[in-house]
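Visitor: Just dropping this structure here.
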Amino acid sequence: MLSRKLRFGLIGCGVIAPTHATVLTRCENAELVAVCDTIEERAQKLAAEFGVQEVYTDYQRMLEQENIDAVSICTPHYLHAPMCVAAAACGKHVLVEKPMAISQQDCQDMIDACKRAGVRLGVCFQHRFNYSTREIVQAVKTGQMGKLLFAAAQVYWYRSQEYYDGDAWRGYWATEGGGVLINQAIHSLDLLLHLLGPVDGVLADVATINHDIEVEDVATVVLHFSSGTRCVFSATNCAFPGFAQRLELFGDRASVIVEGTQIKEWIKQEEGRAVKVDVAPGECGEFLGKRYYGTGHAPLIEEFVDAVLADRDPYVCGEEGKRAIQVIEAIYRSARSGSYTRII
């Protein structure tokens with residue numbers, strides 16, 4: 001158990017990196033001591049912005065440094081697993097951006113590597129820390145929603161062809177691991193799993209209708225949860241100009257609708273009457289990056305730091321990150337076969 005600040009190296013200095021760097025430089029129990037990117041200019045720019053002295057273009061070399069206790073991995077999807085395994089082998093704790101990896105096997109390899117090395121593994125599903133999510137989790141736990149009967153989640157965003165053309169790894173099975181499901185909509189899927197529990201099976205249709213890419217840009221999925229709850233989960237990045245994601249939960253005692261990160265409707269049933277629940281609709285916290293990131297990165301990263309220092313698993317551990325990939329793999333299998341597919 002460390003008695004000092006947790007010293008971080010940040011691998012990958014792209015779009016999400018400034019959000020991680022901001023939190024780490026503000027966190028009372030952490031400090032950012034090194035950054036790494038294969039594009040040195042990008043690494044130097046981030047280092048200068050956050051006052052970091054150590055800059056690397058080779059992550060393996062950075063992992064060899066004794067003054068680094070943990071790493072934050074913010075690289076393209078296909079690099080998450082090998083970088084995590086390498087970091088664990090060097091005795092570094094690992095916080096990895098979503099998706100945890102591009103396959104269930106890669107996720108398990110990461111979990112196993114961290115267990116062997118005795119280090120902690122966390123996954124950035126920051127929307128679990130949104131105000132709206134915390135309120136609904138509490139309502140589900142205390143029975144305020146009653147039996148959850150039906151749910152719906154919609155992610156109707158927009159990504160241009162230039163978005164894919166601008167990064168060589170996007171749009172390919174081998175490097176992105178999928179399309180709108182594994183990249184944009186995975187946060188909503190994680191919230192469904194977090195709120196409703198495990199999924200038994202799925203029936204899915206996915207397609208590529210508006211981009212020159214290998215992977216899907218539209219998906220419609222029926223999720224059968226082990227609890228008996230049914231859910232319709234739909235996602236696309238063809239919806240110009242992009243709209244706030246939506247989550248709807250319907251129980252036999254209450255219904256709640258979330259748009260973006262805000263609670264829009266919460267109605268409970270009292271003796272057959274519809275009664276509006278008085279709950280704050282807004283967010284608590286600061287938006288540190290793009291607004292659709294929500295405000296959860298700061299509490300997630302701070303909780304990860306606290307977990308490592310306390311020698312316990314973080315709230316969003318490797319097993320939690322793996323669950324979303326298990327379901328996504330089943331969705332792709334179902335879409336290819338055209339039939340109901342069980343989770344394995």
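Bear in mind these aren't lab numbers, they're just calculated from the coordinates by the rules spelled out. In this text, all values refer to a predicted model and were calculated from it rather than measured experimentally. Note that we place each Cβ from the backbone using ideal geometry, even for glycine, and neighbour counts take in every protein chain shown.
Visitor: With a 10 Å cut-off between alpha carbons and a GNM built on the chain, which of I331, I257, I11 moves the most?
Guide: I257
Visitor: Give the residue list of GluC sites (Glu not before Pro) in the stretch 1-81 that are DSSP loop and have at most 15 other beta-carbon atoms within 10 angstrom.
Guide: Values: sites: E28, E31, E40, E41, E49, E54, E64, E66; in loops: E28, E64, E66.
For GluC sites (Glu not before Pro) across the stretch 1-81 that sit outside H, G, I, E and B with at most 15 neighbouring Cβ atoms in 10 Å, the list reads E28, E64, E66.
Visitor: Can I ask one more? Note the direction-averaged projected area, equal to a quarter of the hull surface, for the Cα convex hull of the stretch 81-139, in nm². Each step should come with its number before you reach the end.
Guide: Details: hull surface 18.4 nm².
Its Cα hull, projected and averaged over all orientations, spans 4.6 nm².
Visitor: While we're on this one: Take peptides 214-226, 197-209 and line them up by average Cβ neighbours within 10 Å, highest first, as a rough protection proxy.
Guide: Working: 214-226: 19.8, 197-209: 17.2.
Packing proxy ranking, top to bottom: 214-226, 197-209.
Visitor: Right, next: What's log10 of I(q)/I(0) for the stretch 59-166 at q = 0.21 Å⁻¹, Debye sum over Cα points only, no solvent?
Guide: -1.04
Visitor: Test of understanding: what is the full-extension gain from K141 to D167, defined as 0.36 nm times their sequence separation minus their Cα-Cα distance?
Guide: Details: separation 26, 0.36 × 26 = 9.36 nm, distance 4.19 nm.
Computed gain between K141 and D167 is 5.2 nm.
Visitor: Next question. Where a ≥ b ≥ c are the square roots of the eigenvalues of the C-alpha gyration tensor, would you call the stretch 149-268 rounded, which needs a/c under 1.5, or, failing that, prolate if a/b is larger than b/c, or oblate? Walk me through the numbers before you get to the answer.
Guide: On the way: a/c = 2.70, a/b = 1.73, b/c = 1.56.
The shape class here is prolate.
Visitor: For G178, what charge total do you get from the other residues with a beta carbon under 10 Å from its beta carbon, if Lys and Arg give +1 and Asp and Glu give -1? Could the numbers behind the result be given before it?
Guide: Working: positive: none; negative: E176, E214, E216, E329.
Result for the neighbourhood of G178: -4.
Visitor: Local charge sum around Q161 (other residues, Cβ-Cβ under 14 Å, Lys/Arg +1, Asp/Glu -1)?
Guide: Details: positive: R159, R170; negative: E162, D165, D167, D212, E214, D217.
For residues surrounding Q161, the net value is -4.
Visitor: How far is it, in nm, from the label point at R273 to the one at Y158 when both lie 7 Å from their Cα along the line to the Cβ?
Guide: About 4.4 nm, to one decimal.
Visitor: Could you give me the percent of Cα pairs per 20 Å distance bin for the chain, shortest bin first, beginning at zero and ending with the bin that holds the maximum distance?
Guide: The percentages, shortest bin first, are 30, 58, 11, 0.
Visitor: What trypsin sites (Lys or Arg not before Pro) does the stretch 1-83 have in DSSP loop regions with at most 10 other beta carbons within 10 Å? Don't jump to the answer; show the numbers that get you there.
Guide: Working: sites: R4, K5, R7, R26, R42, K45, R61; in loops: R4, K5.
Within the stretch 1-83, the qualifying trypsin sites (Lys or Arg not before Pro) (loop, at most 10 other Cβ atoms within 10 Å) are R4.
Visitor: Further question: Report the trypsin sites (Lys or Arg not before Pro) located in the stretch 88-159 that are in a DSSP loop and have at most 12 other Cβ atoms inside 10 Å of their Cβ, or state none.
Guide: On the way: sites: K92, K115, R116, R120, R128, R134, K141, K147, R159; in loops: K92, R120, K147, R159.
Sites meeting the loop and neighbour criteria: K147.
Visitor: Ranked by Cβ crowding within 10 angstrom, fewest neighbours first, how are K98, K276 ordered?
Guide: Numbers: K98 22, K276 9.
If I rank by nearby Cβ atoms, fewest first, I get K276, K98.
Visitor: Cut-off 10 angstrom, C-alpha nodes, Gaussian network model of the chain. Which of L192, L149, L247 fluctuates the most?
Guide: Result: L149 has the largest fluctuation of those listed.
Visitor: Still on this model: Run through the DSSP bridge list for the chain and note the antiparallel percent, rounded to the nearest 5. Don't skip to the end; give the middle numbers.
Guide: Numbers: 40 of 68 bridges.
Expressed as a percentage, antiparallel bridges in the chain total about 60.
Visitor: Something else about it: Take D212 and Q65, extend 7 Å from each Cα along the Cα→Cβ direction, and tell me the distance between the two endpoints in nm.
Guide: 4.1 nm
Visitor: Over the chain, with a Gaussian network built from C-alpha contacts below 10 Å, which listed residue (G166, G14, G228) shows the highest mean-square fluctuation?
Guide: For the chain, modelled as a Gaussian network with Cα springs under 10 Å, the answer is G166.
Visitor: Extending each Cα 7 Å along its Cβ direction at E49 and S337, get the distance between those two points in nm, one decimal.
Guide: Going from the E49 label point to the S337 one covers 4.5 nm.
Visitor: How charged is the neighbourhood of P82? Take every other residue with its Cβ under 10 Å from the Cβ of P82, and add Lys/Arg as +1 and Asp/Glu as -1. Can you show the working numbers first?
Guide: Values: positive: none; negative: D106, D109.
Cβ neighbours under 10 Å give a net charge of -2.
Visitor: A follow-up question, please. When the chain is fully extended, how far beyond the present Cα-Cα distance does K264 get from D112, taking 0.36 nm per residue of separation? Mind dumping the intermediate values first?
Guide: Working: separation 152, 0.36 × 152 = 54.72 nm, distance 4.09 nm.
Separation in residues times 0.36 nm, less the Cα-Cα distance, equals 50.6 nm.
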